[in-house]
Amino acid sequence: MKIKKAVFPAAGLGTRFLPATKALPKEMLALVDKPLIQYVVEEAVASDIPHIIIVTGRGKNAIEDHFDVSYELEKTLEKRGKTQMLSKVRAISDMIDVCYVRQKEALGLGHAILQVRHLIGDEPFAVFLGDDIIDSAVPCMKQMMDAYDRCHGAVLAIQEVEHRDVSSYGIVKVNSSDGRLHHIDDMVEKPSAASAPSNLAIIGRYILPPAIFDILEKTQPDINGEIQLTNGLKQLLREPGVYGYQFEGKRFDAGDKLGFLKATVEFALKNQDLGPAFKKYLSTLDLSIYQ
Ligand code: G1P
């Protein structure tokens, strides 16, 4: 079955980036010249997923404005003859057919996904977490959709992480592999380094079957009162099966300050207009003067 809908949970509070995210949604932080959420939405579009559903919450209006037509701005750019910038701005609102759903309380990723149940119906769908920016020749989700055609289970993007970092992720245990596709037989959300079953972490891209909704309705909140998707996914291990796909590409944790800085430097260096001048500037820096 073809994946036609992509869900973007974007109601989180962005506490790792305070105070920058006090009034600005973290999804709108700019990586070089585009907000983070545009990168992930572009990945869905490049993977040929036609319908976009963004789960927002209070204080997230800037996201809706970003993907809307900006009439005054377009008129001004037109009058000033800034045609290139005008077409860039227009392309953003033309890019997607989008629905917004409000998650009234930030009760976890599983809860965010439950909010879109009525818009998905009885079909598999994709989930993108905006903190994970993946730079790859073939869009990560496209790679996963090809894997899904082979296994027809739930498919999660996975990547090896440093052992000391396992407690920041959902960690999977795999029992058999076919190239980059691994069959998962257990998973645990944010384990301690001592109890983690491996260092294979779930990265923010998922293909989920509609059966996940009934499961999440019954999934108990964790000690922080959040419904964890990872705990729901465990119920799918036997039927239809859960698979981890070790994608090809470089992933940046843009929800973390250091990860965001790394992404900024690398995306700026790759940028056609800025890259050469930025590279030159970096080469003039004397790093020995910093601690
Ligand atoms: C979420 C998931 C976690 C996953 C991570 C990937 O955690 O719950 O399983 O490994 O995204 O970025 P969060 O980072 O939202 O706490």
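All of the numbers you see were taken from the coordinates with simple rules; none came from a lab. Bear in mind the structure is a predicted one, so any value in this text is a computation, not a measurement. Cβ atoms come from the backbone with ideal geometry, glycine included; neighbour counts cover every protein chain shown.
Numbers for the structure displayed
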{"quantity": "Spin-label pair Asn271/Ala91, simplified geometry with 7 Å Cα→Cβ offset, distance in nm", "calculated": "1.5"}
{"quantity": "Burial ordering of Met1, Met144, Met95, fewest other beta-carbon atoms within 10 Å first", "calculated": "Met1, Met95, Met144"}
{"quantity": "Dimensionless Rg over Rh [the chain; C-alpha; Kirkwood]", "calculated": "0.98"}
{"quantity": "Point-to-point label distance, His163-Lys257, nm (Cα→Cβ direction, 7 Å offset)", "calculated": "2.8"}
{"quantity": "Cross-link pairs beyond the 20 Å C-alpha cut-off, checked among Lys250/Lys270; Lys190/Lys234; Lys142/Lys262; Lys88/Lys270; Lys34/Lys270", "calculated": "Lys142/Lys262"}
{"quantity": "For segment 108-125, 3J(HN,Hα) per residue [Karplus equation, 6.51 cos²θ - 1.76 cosθ + 1.60, θ = phi - 60°, Hz, x = Gly/Pro]", "calculated": "x, 5, x, 5, 4, 5, 4, 5, 9, 3, 5, 9, 8, x, 9, 9, x, 8"}
{"quantity": "Taking N as its residue count, the alpha carbon Rg of segment 74-221 over 2.2 N^0.38 Å", "calculated": "1.31"}
{"quantity": "Rounded, prolate or oblate (a/c below 1.5 giving rounded, otherwise prolate when a/b exceeds b/c) for segment 152-219 by Cα gyration tensor", "calculated": "oblate"}
{"quantity": "Residue exposure sequence - Cys140, Cys151, Cys99 - by fewest surrounding Cβ within 10 Å", "calculated": "Cys99, Cys151, Cys140"}
{"quantity": "Segment 42-134: translational diffusion in µm²/s, Stokes-Einstein, Kirkwood Rh over Cα pairs, 4 °C, 1.567 mPa s", "calculated": "85"}
{"quantity": "Ranked Arg58, Arg117, criterion: other C-beta atoms within 10 Å, fewest first", "calculated": "Arg58, Arg117"}
{"quantity": "Share of alpha-carbon pairs per 5 Å distance bin for segment 156-291, given as whole %", "calculated": "2, 9, 15, 17, 16, 12, 9, 7, 6, 5, 2, 0"}
{"quantity": "Chain lengthening between Glu239 and His118 when straightened (0.36 nm per residue, less Cα-Cα)", "calculated": "41.3 nm"}
{"quantity": "Extension gain from Lys190 to Lys250, taking 0.36 nm per residue of separation minus the Cα-Cα distance", "calculated": "19.4 nm"}
{"quantity": "Value in Å of the Kirkwood radius, where segment 1-98 supplies the Cα pairs that are averaged", "calculated": "14.7"}
{"quantity": "Cβ-derived FRET efficiency at R0 45 Å, Asp286 paired with Thr83, nearest 0.05", "calculated": "0.60"}
